[in-house]
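Contents: one structure, followed by commentary.
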Amino acid sequence: MAFDVERIRSHFPALAEGLAHFDGPGGSQTPDVVGAAVAGTLTAAISNKGVVTASERRASAVVADCRQAMADLLGADPRGIVFGRSATSLTYDVSRALAKQWGPGDEVVVTRLDHDSNIRPWVQAAESAGATVRWADFDPATGELTVADIEAVLSERTRLVATTAASNLIGTRPPTRQISDAVHAVGALHWVDGVHATAHASVDLRGLGADVWTCSPYKFLGPHCGVLAADPTLLETLHPDKLLPSADTVPERFELGTLPYELMAGATAAVDFLAGMDDLDTPVTAADRRERLVASFAALEAHEESLLAVLEPALRAMPGVTVHSNAAHRTPTLLFTVEGVDGMDVYRGLAEHGVNAPASSFYALECSRHLGLGDGGGVRVGLAPYTNRDDVDRLLAGVADVIGSRG
Ligand SMILES: Cc1ncc(COP(=O)(O)O)c(C=O)c1O
């Protein structure tokens, strides 16, 4: 089936403002159907989850549907889907529960490729347990993080390894499957930050073998919230701090307070939209959603690759431009700097061209420093399902103009 970007764009009211949005890695724009699902659920008769009244049953159904939708998206078990405020807060919460099982002599591995939300919670949890933190470094020239880089810091005392499925700064997609195998060979858990990756490629958590995958629906056309997927039997072994009367079942044990039903309905609608991107005329059903997601993400990847094939060489050829996204396997996310022009000035210059491409280290602070870019990072351009050729041309013209007006 075809990926019709103009039809996809017609579902995004935000695009009517006319900006070319390359800020998808920070948060994507949202289709009409997601907004309608959020509003519809918020204004429908809805109570706390339950089985007695229709409004209680509505809330229960919203939760069950969302767990199933996220399980379909991630190739995971719906009984292991935990909903939270953000990937950061889920990582913090579960890191504290895991650290209850750690002690002096235990080791936790983090990488310099990661967003800080998959570093600092582990560093702090290890500190509180008296465990040791070991750092895996990527190659700053290639942007690659290899299995060997991880193996170099594994030992029989390793309890957990936290890696990213894709760098939100430079796009690198490390070999998650092989890393999981190496981590499991020493008997440790593999925690994967899938926040950036989930927006660009279909995920098969069972096939990857990783123990935990986190993601954030607002990065893939949904509302602002976070999701964690894990094997429910792993979650059963963890005992987070919780209120006495709240459910001690899995996954509810990890969901503190009342769930945001409207955001969960929005997340389900986002997954359905993603599943139908390659064929907007055929409604997605619960029965074929997984299959449709795999096909639709393949079409999305082809769309993003075709735009990247125009954007990347043109950007690399511009005088004074350095592209820092060099890994062989990566998302369509480019980090670049312009010699002699501050990133913030490039960002502002692009904004004058109606292009939204911010400059920062985007919380991938260790990564930015390891690349030699200090805390400032660079300008990041990320492709999304609604990016079209006109956006790319406008970005390139904007960068050329910023370069032309320097000095
Ligand atoms: C790779 C990556 N991990 C984690 C996060 C944090 O996600 P959240 O805002 O849901 O906490 C982000 C957000 O930018 C990200 O890009």
Cα lying deepest toward the dipole's positive end in the chain, options L308, S155, M318, charges on Cβ: S155
Which Cα, out of A166, L90, V34, lies furthest along the positive dipole direction of the chain (beta carbon charges, K/R +1, D/E -1)? L90
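Using alpha-carbon pairs under 8 Å, 6+ residues apart, how would you state the relative contact order of segment 1-59 in percent? Can you show the working numbers first?
Working: 34 pairs, mean separation 12.4, N = 59.
Relative contact order here is 21 percent.
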Among T258, T163, what's the order by accessible area (1.4 angstrom probe), most exposed first? T258, T163
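How much length is gained if the chain between D181 and E339 is pulled fully straight, taking 0.36 nm per residue apart and subtracting their Cα-Cα distance, in nm to one decimal?
52.8 nm
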Could you give the length gained by full extension between A54 and E17, i.e. 0.36 nm per residue of separation minus their alpha carbon distance, to one decimal place? 9.4 nm
Convex hull projection area averaged over all views, the chain, Cα basis, nm²: 19.6
State the extension gain, in nm to one decimal, for the chain segment bounded by T237 and S89, taking 0.36 nm per residue of separation less the distance between their alpha-carbons. 51.3 nm
D345 - accessible surface, heavy atoms, 1.4 Å probe, Å² rounded to 10: 80
Could you check what % of the DSSP bridge pairs in the chain are antiparallel, to the nearest 5? 50
Dipole magnitude of segment 178-316 about its Cα centre (Cβ charges: Lys, Arg +1; Asp, Glu -1), debye to nearest 20: 200
Using mean Cβ contacts within 10 Å as the protection proxy, how do 244-250, 146-152 order, highest first? 146-152, 244-250
Which far-off residues, 5 or more places away or on another chain, put their amide H under 5 Å from the one on T164, with H placed in the peptide plane? D193
Given a Förster distance of 35 angstrom, what is the FRET efficiency for A397 paired with A141, based on the Cβ-Cβ distance and rounded to 0.05? 0.70
Amide H of A136: which non-local residues (sequence gap of 5 or more, or other chain) have their own amide H closer than 5 Å, using H built in the peptide plane? V110, T111, R112
Taking a point 7 angstrom from the Cα of R79 along the C-beta vector, which residues in segment 214-243 have backbone N less than 16 Å away? 229-238
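Might you report the magnitude of the Cβ-based charge dipole of the chain about its Cα centre, with Lys and Arg at +1 and Asp and Glu at -1, to the nearest 20 debye?
Dipole about the Cα centre, nearest 20: 640 debye.
Quick check: at a probe of 1.4 Å, how many percent of the accessible area of the chain sits on carbon and sulfur atoms?
Values: 8550 of 15910 Å².
Of the solvent-accessible surface of the chain, carbon and sulfur hold 54 percent.
For Cα pairs less than 8 Å apart in space and 6+ apart in sequence, what is the mean separation divided by the residue count of the chain, i.e. the relative contact order in percent? Please list the in-between numbers first.
Details: 824 pairs, mean separation 95.6, N = 407.
Relative contact order of the chain: 23 percent.
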Give the residue from W213, G404, A328 lying farthest towards the positive end of the charge dipole for the chain; charges sit on Cβ (+1 for Lys and Arg, -1 for Asp and Glu) and the dipole is referred to the Cα centre. W213
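Could you do me a favour and compute the accessible area per residue for the chain, 1.4 Å probe, result in Å²?
39
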Lys, Arg +1 and Asp, Glu -1 on Cβ, resulting dipole of segment 1-158 about Cα centre, debye, nearest 20: 860
Ordered by packing density, taken as the mean number of other Cβ atoms within 10 Å over each peptide's residues, highest first, how do 224-232, 185-193 rank? 224-232, 185-193
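The values are calculated or read from the model by the stated rules, or taken from the named source; none is laboratory data. The shown structure was predicted, so the numbers you read here are calculated from the model rather than taken from an experiment. Cβ sites come from the backbone with ideal geometry, for glycine too, and all protein chains shown count toward neighbours. Note: accessible area is taken over every heavy atom of the protein model, side chains too, but ligands, DNA and RNA are not part of it. Shrake-Rupley method; radii C 1.70, N 1.55, O 1.52, S 1.80 Å.
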